[in-house]
Structure formats: structure tokens, C-alpha cells
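Novice: Attaching a single structure in C-alpha cells format; questions to follow.
The values are calculated or read from the model by the stated rules, or taken from the named source; none is laboratory data. Worth saying up front: this structure is predicted, and the values here are computed from it rather than measured. All Cβ positions, even for glycine, are placed from backbone atoms using ideal geometry, and neighbour counts span all protein chains on display. Ligands, DNA and RNA are excluded from the accessible area calculation, which covers all protein heavy atoms including side chains. Shrake-Rupley method; radii C 1.70, N 1.55, O 1.52, S 1.80 Å.
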Amino acid sequence: MIGARTSSRPVAVIGAGQSGLAAARALRDLNAHAVVLEAGGRAAGSWPRYYDSLRAFSPAGYSSMPGMPFPGDPDHYPAREDVADYLERYAATLDVEIRRNTRVVAVRQEDREFVVVTADGQQLRAAGIVAASGSFSNPYRPTLPGEETFTGLLLHVADYGNPSSYAGRRVIVVGAGDSAAQVANELAVVAKVTVAARHPLRLIPQRIGGEDVHYWLRETGFDSLPAEWLSRITGGSVITDSVGFSRSVAEGLLDVRPMFIAFDGDHVVWTDGVREPVDAVILATGYRPSLNYLHELGALDQRDAPLHAGGISTTHLGLVYLGLEYQRSYASNTLRGVSADASAVIAPLLAWILDAPRTIGLTAG
């Protein structure tokens, strides 16, 4: 490109989960130099750290990254470790530098470039930043009335492993999303379980008209509905019933109730005033983006949420995001959807790095 600026600095991709790998692929395809910085020991993001029985929320046939089909029966829902292994194999095909066990603690800007600071004191100068660090390390834990008095076990689903220690116990799972349904469903085999939620659960059946629901999400275009419309359409969390949750409720293996109003010692207080002793409460209340390293840069709002439009930072030229829930569409933070978002944010990022405005005669005023 005549007159275009080139950069000897790499693009720093923070995170090597599905979002970071999608970014690395998009950068590679545009002949851009990338360095991927991953806090953990595997190029698999948070998948190795989720609860033992977690399955992907979409079947293998709808869980592939570009250029590498997910192995096995396309109708099966892959297990946690299957997804982690798949991502590691995918990373190996990219021919991109991935620095594992490298936690980013701060990002600073110097003129048109960025300085990325890691926990061990290293500094990397970068032409641009892709924040693709997911949310697992930032679980959302709402403050519940009386929780300081609760003598039972109170934990977030991020700290839940498997049902073995809950046998014969009274357990409440708080939440209205896929994780709440999966965890409650498996606990119901060994424990007395209630799902408590502030709003009625909204479930999508796993199969419609003989096809997996993900076929219809793709064929109808639902997956591509814009973020601005989704909250009005879904009204909040939606559960894809891939584990037979509805059947378990119908068979009386577990029940669903409105959220309790308070803790009281070893009891919870339900909305009708009834107090019930409880052994454990598991908060499947979601996660928030793990972006603390952008505080110093000033890229976050007062709630620590990124200031962006469709994954493009509205505060800093040269900063983009990947893997945010509903970033651009219903499928944005999924295996099946993140690569489309990567293409959408990487192209303008490189246009900025290569100084496209200057090439066409526009200079900073």
C-alpha cells in the first residue's frame, strides 16, 4: 500500500482461549504479527478450570473454529476436556507465538503504541491490543441479605467441581442460565435440589422439528441478531436444555422457585416467609469480563465494564475486544460465533496500525 505505515511491533492478544485464538487466526490471515499472552499453562482459556461435568452448550457440529472441524459425532455435546484439547490442537495449527503462564497486569499507552506489563515484570511493546481474556477469573457474586450469618457452604459455581461432596444434602442453586441448569441437574441425582431465580426460567428445547436447536439458530439467523435487540428479545438469560433439565423438573427430581429473600443462620427465608435449613448454596450468577489490566489505561467504566461499540474501544484507538457476551450478536462469546467477531474487529485494528487515514491524506488535527 503506497505511503502506508508499517509497524515492527506485534499485536498483543491477551488470552489464549477461543477468543484469543480466533484473533490470532484473523491476524495471521492478514499477515499481521501477533503475540498471544496466556495466564494459564494451556492454550485453552478457562475450559480446563470449569466444573468437571461441563459440556459445551452447542453440539460438536456447531462448535468448530475456522479450518478445523470439531471431531466426533456432530450431534454430541463435547465435554469440558474435549473442548480444551481441541483448542490446544487448534492453537498448534496457527504458527503464532503463544506465551503461556504469562499474566498481564497492566496496559499503558505511549504515543501510538502500547506497553503490556506482565506479573513477572516483563514489558512488551505492542502496536495494538486485543483484549480476549474471558471472564472466568471474575465471577459475579451478588451480595445477599443475611449472607454473613449463613453457616452453610456458600460458593460460586466457579469453585464447584462435582456432586461427590453434596450427597444427601439440601442444596440451592441460584441462577437462570445454562450452568445453573447443568449443575442442578447433576446434583439432583444425589441431593435435594432447588433452583432459585429472580425471574422465570426461559428454556429453549434441545431439538425442534427433528433438528438440534443450533441448526435453527443458524438457519433462521437468530445467531446473528444484534446485541442492541437481544435484551428486548430474550428478556435475560436463556437456557438451552441439553441435559434434560425440564424432564428432571417434570419428574420431581428438583424444583424451581422464586429467589429466597434472605439467609438466616443455617436457613434461607423464602418469599412466603417459610424458613428452611440448607446445607449449601451455589451461585451460578455469571461472570463479568476479566479486564482489570485495563484500569490504568482508563478503558473501563465505573462498573469495570469495557467502553466499546461492537468490540471496538470507544476510548483508545488501537484497542479491541473479543469474547464479550452479546458483543455483536447472540453467538459472540461462543465457539461458533467468536471468529466472525474476530474478523469484524481485526480489520479496523490493522487499518489503524497501518495508518490508513494518513495514507489517504488525513492527518491528526
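Novice: Please turn the phi angles of the stretch 279-289 into ³J(HN,Hα) values with the Karplus equation 6.51 cos²θ - 1.76 cosθ + 1.60 (θ = phi - 60°), one per residue in order, whole Hz, x for glycine and proline.
Specialist: Per-residue couplings from phi come out as 8, 8, 10, 10, 8, 9, 9, x, 9, 10, x Hz.
Novice: Next question, about the same structure. Only residues of the stretch 235-259 count here: report those whose backbone N is under 17 Å from the spot 7 Å along Cα→Cβ of Ala305, or say none.
Specialist: 235-238
Novice: Return one number: the angle in degrees, 0 to 90 and rounded to the nearest 10, between the long axis of the Cα atoms of helix 80-92 and the longest principal axis of the Cα atoms of the chain.
Specialist: Approximately 10 degrees, to the nearest ten.
Novice: Could you compute Rg(Cα) / (2.2 N^0.38 Å) for the stretch 310-365, with N its residue count?
Specialist: 1.30
Novice: How far apart, in nanometres, would the label points at Ala347 and Asp73 be if each is projected 7 angstrom from Cα along the Cα-to-Cβ direction?
Specialist: Those two pseudo-labels are separated by 3.9 nm.
Novice: Another question about this same structure. Once phi is turned into θ = phi - 60°, what whole-Hz ³J(HN,Hα) does the Karplus curve with 6.51, -1.76 and 1.60 give for every residue of the stretch 304-312, x standing for Gly and Pro?
Specialist: 6, 9, x, 8, 7, 10, x, x, 9
Novice: What relative contact order, as a whole-number percentage, does the chain give when Cα pairs under 8 Å and 6 or more residues apart are counted?
Specialist: Contact order relative to length: 23 percent.
Novice: Per DSSP helix of 4 or more residues, -39500 (n - 2.57); summed, then divided by the residues of the chain. What does that give at 222 nm, rounded to the nearest 500?
Specialist: -6000 deg cm²/dmol
Novice: Now for a different question. When the chain is fully extended, how far beyond the present Cα-Cα distance does Thr315 get from Tyr215, taking 0.36 nm per residue of separation?
Specialist: Full extension from Thr315 to Tyr215 adds 32.3 nm.
Novice: Once the cut-off is 24 Å, how many percent of the Cα-Cα pairs in the stretch 1-142 end up in the long-distance tail?
Specialist: 36
Novice: Give the distance, in whole Å, between the Cα centre of the stretch 85-111 and the Cα centre of the stretch 122-157.
Specialist: 20
Novice: Something else about it: Normalised by the residues of the stretch 232-365, what does the relative contact order come to in percent, with Cα pairs under 8 Å and at least six apart?
Specialist: Reported relative contact order: 9 percent.
Novice: Expressed as an acute angle from 0 to 90° and rounded to the nearest 10, what is the orientation of the C-alpha long axis of helix 178-187 relative to the principal long axis of the chain?
Specialist: 40
Novice: Of Ile233, Ile172, Ile282, which is the most mobile in a GNM of the chain whose springs link Cα atoms less than 10 angstrom apart?
Specialist: Checking each option, the largest mean-square fluctuation is seen for Ile233.
Novice: Turning to a different aspect of this structure: Have a look at the stretch 57-203 and give its Rg and Dmax from the Cα atoms, expressed in angstrom.
Specialist: 20.6, 61
Novice: Among DSSP bridges having both ends in the stretch 81-196, what percentage is antiparallel? Round to the nearest 5.
Specialist: Around 65 percent antiparallel, to the nearest 5.
Novice: Right, here's the next one. Starting from the 7 Å offset along Cα-to-Cβ, what nm value, one decimal, do you get for the label separation of Thr363 and Leu203?
Specialist: Distance between the two pseudo-spin positions: 6.5 nm.
Novice: Rounding to the nearest 20 debye, state how big the charge dipole of the stretch 188-290 is about its Cα centre with +1 on each Lys and Arg Cβ and -1 on each Asp and Glu Cβ.
Specialist: For the stretch 188-290, the charge dipole is close to 160 debye.
Novice: Only bridges whose two residues both fall in the chain count here: according to DSSP, what percent of them are antiparallel, nearest 5?
Specialist: Antiparallel bridges: around 45 percent, rounded to the nearest 5.
Novice: Mark the label point 7 Å from the Cα of Val189 along Cα→Cβ and return the residues of the stretch 151-165 whose backbone N is within less than 17 Å of it.
Specialist: Residues 161-165 qualify, since their backbone N sits under 17 Å from the label point.
Novice: While we're looking at this one, here's another question. Given a Förster distance of 51 angstrom, what is the FRET efficiency for Asp29 paired with Val274, based on the Cβ-Cβ distance and rounded to 0.05?
Specialist: E(calc), rounded to 0.05, equals 0.30.
Novice: For the stretch 34-93, what does the alpha-carbon gyration tensor say about shape, rounded, prolate or oblate, given a ≥ b ≥ c as the root eigenvalues, a/c under 1.5 as rounded, and a/b over b/c as prolate?
Specialist: oblate
Novice: If you line up the long axis of helix 18-29 against the longest principal axis of the chain, both from Cα atoms, how many degrees apart are they, to the nearest 10?
Specialist: 20
Novice: Moving on to the next point. If a/c stays under 1.5 just call it rounded; otherwise compare a/b with b/c (prolate if a/b is bigger, oblate if not). Do that for the stretch 230-281, with a ≥ b ≥ c from the square roots of the Cα gyration tensor eigenvalues.
Specialist: Because a/c hits 1.5 or more and a/b fails to exceed b/c, the stretch 230-281 counts as oblate.
Novice: Continuing with the same structure: What is the log10 of I(q)/I(0) for the chain, computed with the Debye formula using one identical point scatterer on each Cα and no solvent, at q = 0.06, 0.10, 0.11 Å⁻¹?
Specialist: Values returned for q = 0.06, 0.10, 0.11 Å⁻¹ are -0.25, -0.68, -0.80.
Novice: If you don't mind, there's one more thing I want to ask. Any chance you could run the full-extension gain for His295 through Tyr140? It's 0.36 nm times the residue separation minus the Cα-Cα distance, nm to one decimal.
Specialist: Roughly 54.0 nm would be gained on extension.
Novice: Now for a different question. In the stretch 281-338, which trypsin sites (Lys or Arg not before Pro) are in a loop and have at most 12 other Cβ atoms within 10 Å, using DSSP for the loop call?
Specialist: Counting only loop positions with at most 12 other Cβ atoms within 10 Å, the trypsin sites (Lys or Arg not before Pro) in the stretch 281-338 are Arg303.
Novice: Write out the trypsin sites (Lys or Arg not before Pro) in the stretch 1-88 meeting two conditions: DSSP loop, and at most 10 other Cβ atoms within 10 Å of their Cβ.
Specialist: The qualifying sites: there are none.
Novice: Moving on to the next point. Mind checking the dipole of the stretch 102-178: about its Cα centre, +1 per Lys or Arg Cβ, -1 per Asp or Glu Cβ, Debye to the nearest 20?
Specialist: Magnitude of the dipole: close to 140 debye.
Novice: Would you check the accessible area of Trp352, probe 1.4 Å, heavy atoms only, in square angstrom rounded to 10?
Specialist: Roll a 1.4 Å probe over it and Trp352 shows about 60 Å².
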